[in-house]
Structures are given as C-alpha cells and as structure tokens.
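Where a number appears in this text, it was derived from the coordinates with a stated rule and is not lab data. Nothing here was measured: the structure is a model prediction, and the numbers come from that model. Here the Cβ is made from the backbone with ideal geometry for all residues, glycine too, and neighbour counts use every protein chain on show.
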Amino acid sequence: MNGLGPYIRQQREQLRQHDNGYSLRQVAERVGIQPTYLSKIEREELPPPSEDTLKRLAQELKLDPDVLLAMAGKVSSDLRAIICQRPQLFSQLLRQLKDTPDHAVLRIVREVSDGDW
C-alpha cells in the first residue's frame with residue numbers, strides 16, 4: 001500500500017469497475033463531503049480527514065475502519081478510551097506484542113475471545 005489517499009482511490013476505482021455508483025462524486029455525496037475534498041484526500045494534498053469521515057469512507061468502500069485510521073496515523077476513539085483506562089498495562093502489552101508473529105497474536109486474540117484461559 002502506498003499511502004492513505006492512493007489506497008482509498010484504488011479501492012473506490014476497483015469497486016467502480018463493477019458498479020458505476022462509485023464515482024468520486026457519488027462516493028463523496030454518500031459520505032457527506034465535497035467531491036473536491038475527496039479528490040484532495042485521494043491525491044494526499046490535504047492531511048487525513050477526521051475519524052468520523054474515515055469511518056464513513058471505510059463503510060462506503062467496504063474497508064476496515066481501523067486500517068484506514070492506522071494509515072492516517074490515528075487510533076479509533078473507542079480504542080483510545082480502552083487504552084486510557086489502563087495505560088500502563090496496555091502499553092506494556094503492545095510493546096511485548098510488537099515483534100510477535102501474526103499467527104501468535106491471532107492465537108492470543110482467540111483465547112481471549114473464547115475465554116480459554
């Protein structure tokens with residue numbers, strides 16, 4: 001992936017190949033932003049949009065909102081609130097998991113989700 005803007009444009013254009021309803025103008029209208037603003041986002045002429053706008057774009061373009069937020073250098077407000085409840089614990093956990101392979105992290109997530117301690 002290049003950057004946030006090209007990633008958004010690539011996904012929009014890919015969806016447009018199968019559905020003409022994904023023109024820049026139509027997507028911008030459904031997301032509630034100006035087409036010129038979306039164009040500038042896609043060309044990275046402006047800083048990344050707000051969390052709400054990124055979440056609406058993610059929903060419209062069938063993308064994971066957390067991925068778009070991360071590409072924009074942002075963290076979802078619900079995750080921020082969770083981390084702020086126990087900042088020392090979560091920062092330590094994240095630093096420990098930094099170099100852990102994906103399959104191992106997924107195993108931990110499944111164990112937590114299943115309550116299999």
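Structural remarks
- Cα gyration tensor of the stretch 60-117 - equivalent ellipsoid semi-axes, whole Å, descending: 21, 17, 13
- In the chain, the alpha-carbon atoms span a convex hull of 143 Å³ per residue.
- Partner lysines for K55 [C-alpha distance under 22 Å; skip if fewer than 8 residues away on the same chain]: K40, K74
- Rounded tilt (10° steps) of 87-97 against the dominant C-alpha axis of the chain: 80
- Fully extending the segment from H103 to E45, taken as 0.36 nm per residue of separation minus the present Cα-Cα distance, adds 17.2 nm.
- The aspartates and glutamates whose alpha-carbon is closer than 14 Å to the alpha-carbon of K62, local same-chain residues fewer than 8 away aside, are E13, D19.
- Residue of Q92, Q17, Q26 that the Gaussian network model of the chain assigns the largest fluctuation, springs spanning Cα pairs under 10 Å: Q92
- Among the trypsin sites (Lys or Arg not before Pro) in the stretch 1-84, those placed in a DSSP loop whose Cβ has at most 15 other Cβ atoms within 10 Å are R43, K62.
- Label point distance in nm, Q17-I83, each placed 7 Å from Cα along Cα→Cβ: 3.5
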